[in-house]
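Participant: Sharing a structure, written as structure tokens. Questions coming.
Please treat every number below as a calculation from the coordinates, not as lab data. Model, not experiment: these values are computed from the prediction.
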Amino acid sequence: MADAEIADLSFEAALAELEKIVKGLEGGQGALAEAIGAYERGDALRRHCERLLADAEAKVQAITLGPDGEAAGVRDLA
């Protein structure tokens, strides 16, 4: 699966694949070349997930900000 195909993955699918790669790398099994390839794929998946999270955050901010740019209808839950 190439980077172009990663762009088509949902956040959940990309994160699941990334978790699988991390577990494989942590296990230390396989050849160095395979580990490097897995790391590169994992990095691409990580960047994709970060983009999707940033997009989601921007959408939430657009929904929760009022016309004056101040938080509208949001309260601190802390």
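Participant: Could you list which residues have their amide H under 5 Å from that of L65, counting only those 5 or more apart in sequence or on another chain, with H placed in the peptide plane?
Facilitator: It is A72, by chain and number.
Participant: Taking θ as phi - 60°, what are the ³J(HN,Hα) couplings along region 22-31 by the Karplus curve (6.51, -1.76, 1.60), each to the nearest whole Hz, with x for Gly and Pro?
Facilitator: 4, 4, x, 5, 5, x, x, 8, x, 7
Participant: A further question on this structure: How large is the Kirkwood hydrodynamic radius of region 3-64, counting all unique pairs of alpha carbons, in Å?
Facilitator: On the way: mean 1/r = 0.0792 Å⁻¹.
Across region 3-64, the inverse of the average 1/r is 12.6 Å.
Participant: Using each residue's phi in region 48-62, evaluate 6.51 cos²θ - 1.76 cosθ + 1.60 at θ = phi - 60° and report the 3J(HN,Hα) Karplus result to the nearest Hz, with x for Gly and Pro.
Facilitator: 5, 4, 4, 5, 5, 5, 5, 4, 5, 4, 5, 5, 5, 4, 5
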